[in-house]
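All remarks here apply to the structure that follows.
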Amino acid sequence: MDFMFIFVVLSVLLLVLLFFSFVPVGLWISAISAGVRVSILSLIGMRLRRVSPHRIVRPLIRVTKANLPVPINQLESHYLTGGNVDSVVNAIIAAQRANLELPFERAAAIDLAGRDVFEAVRMSVTPKVIETPMISAMAINGIEVKAVARVTVRTNIMRLVGGAGEATIIARVGEGIVTTIGSAPTHREVLENPDLISKKVLEKGLDAGTAYEILSIDIADIDVGRNIGAQLMIDQAEADKRIAQAKAEERRALAVAQEQEMRARVEEMRAKVVESESEVPKALSEALRSGNFGYMDYIGLQNKMADTKMREKIGNMQVDISAKPVE
């Protein structure tokens with residue numbers, strides 16, 4: 001009898017322990033005391049669906065205390081789809097305190113889109129300042145101007161899903177700064193009126209299609225850089241100089257090639273003349289043998305050749321005398 005009694009008591013204790021470990025009775029009591037109606041069967045169903053009751057009941061208590069009617073089924077459905085129930089509940093409570101319209105469905109959609117919905121609500125109440133990197137642009141007179149801008153933005157809840165992020169805001173502001181500086185006649189005009197950049201950039205509506213609303217654009221730092229226009233002119237002059245040198249070298253090479261070709265032709269003609277002159281004695285001997293050229297004709301030819309050589313020597317002597325300097 002004692003053994004059976006101990007076995008029954010241990011069995012009952014084991015069942016009670018299993019029940020309390022499977023059913024969070026303490027959580028159920030906390031919910032009831034907070035005025036949240038959650039049945040034991042709902043908690044058991046969450047366990048069976050592999051949903052953590054603490055992740056559902058505690059946010060449900062907070063949202064009920066804030067007088068926001070959110071069914072428990074919606075919280076459980078958002079949890080099962082991989083959402084952050086705590087972040088969504090904190091976001092809709094913060095939105096209510098700030099008089100912002102943020103229904104649970106939109107907050108859940110923002111959370112499932114990968115955005116931090118609670119941070120977005122905080123940015124709607126407290127704007128965020130985004131600082132751009134150093135942006136360089138050139139005015140019309142060729143002087144480089146460097147500027148850093150601070151963009152004050154706040155979250156646009158209605159465009160948070162599908163809207164562009166901070167990188168797009170920075171890129172658009174940078175593009176606006178480059179356009180404004182580039183259209184200025186001189187860099188002095190930009191330095192004297194830096195607010196001109198802010199006004200023109202704000203007029204472009206850079207926050208269209210983004211998840212933010214631009215409140216202001218302030219120029220935090222502005223400085224003068226290089227004389228890019230002069231450097232470009234120097235580079236262009238250097239390039240023109242190299243082109244002219246290349247063309248001159250091309251013409252010189254062509255002239256050298258033509259000179260070498262003419263020399264080759266002259267040498268070829270000289271060779272032909274020498275070859276022809278070597279044939280003259282043969283022709284004379286042949287003419288003498290055939291009787292077409294007499295002896296007296298040959299003597300006259302020799303006299304003319306001697307006279308020609310004498311005239312050439314006299315002409316060369318006159319050239320040499322005229323070339324000597326007068327003492």
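I need every pair where a residue in segment 139-159 that is more than 14 Å from residue 206 (Cα to Cα) and open to solvent by 30 Å² or more (accessible area, probe 1.4 Å) has its Cβ under 7 Å from the Cβ of a residue that is of a type outside the set (D, E, K, R) and part of a helix (DSSP H, G or I), sequence separation at least 6 or different chains.
The qualifying pairs are 141/187; 141/229.
Could you please give the count of residues in segment 38-70 that are touching a Ser or Thr at 6+ places or on another chain (Cβ under 9 Å) and open to solvent by 40 Å² or more (accessible area, probe 1.4 Å)?
Adding up the residues that qualify gives 1.
For residues in segment 160-171 being within 19 Å of the chain's Cα centre (by Cα), crowded, with 16+ Cβ neighbours inside 10 Å and aliphatic (A, V, I, L, M), which is nearest to residue 209 (Cα to Cα)? Talk me through it step by step, then tell me what you get.
So in segment 160-171, the residues within 19 Å of the chain's Cα centre (by Cα) come out as 164-171.
Next cut, crowded, with 16+ Cβ neighbours inside 10 Å only: 164, 168-170.
Add one more test, that the residue is aliphatic (A, V, I, L, M), and what stays is 164, 169-170.
On the way: 164: 6, 169: 10, 170: 14 Å.
My answer is 164.
When the residues of segment 189-218 are filtered to those that are part of a strand (DSSP E or B) and of a type outside the set (Ser, Thr, Tyr), which remaining residue is farthest from residue 149 (Cα to Cα)?
213
Just to confirm my filter: which strands (runs of 3 or more DSSP E) fall fully inside segment 89-187 and include at least 1 residues that are within 30 Å of residue 61 (Cα to Cα)?
By residue number, 143-155.
Determine, yes or no, whether residue 77 is touching a residue at least 40 places away in the same chain (Cβ under 8 Å), out of contact with any Pro (no Cβ under 8 Å at 6 or more places or on another chain) and either surrounded by fewer than 20 Cβ atoms within 10 Å (Cβ to Cβ) or in a helix (DSSP H, G or I) (or both).
The answer is no for residue 77.
Considering only segment 124-138, state which residues are aliphatic (A, V, I, L, M) and either at pLDDT 85 or above or surrounded by 20 or more Cβ atoms within 10 Å (Cβ to Cβ) (or both).
Residues satisfying the conditions are 129, 130, 134, 135, 137, 138.
Working only within segment 202-246, note down all residues that are modelled with pLDDT of 80 or more, open to solvent by less than 80 Å² (accessible area, probe 1.4 Å) and β-branched (Val, Ile, Thr).
210, 214, 217, 219, 222, 224
The values are calculated or read from the model by the stated rules, or taken from the named source; none is laboratory data. All values reported here derive from a predicted model rather than from experimental measurement. Counting neighbours? That spans all protein chains shown, and the Cβs are built from the backbone with ideal geometry, glycine included. Ligands, DNA and RNA are stripped out before the accessible areas are found, and what is left, the full protein with its side chains, is counted by its heavy atoms. Shrake-Rupley method; radii C 1.70, N 1.55, O 1.52, S 1.80 Å.
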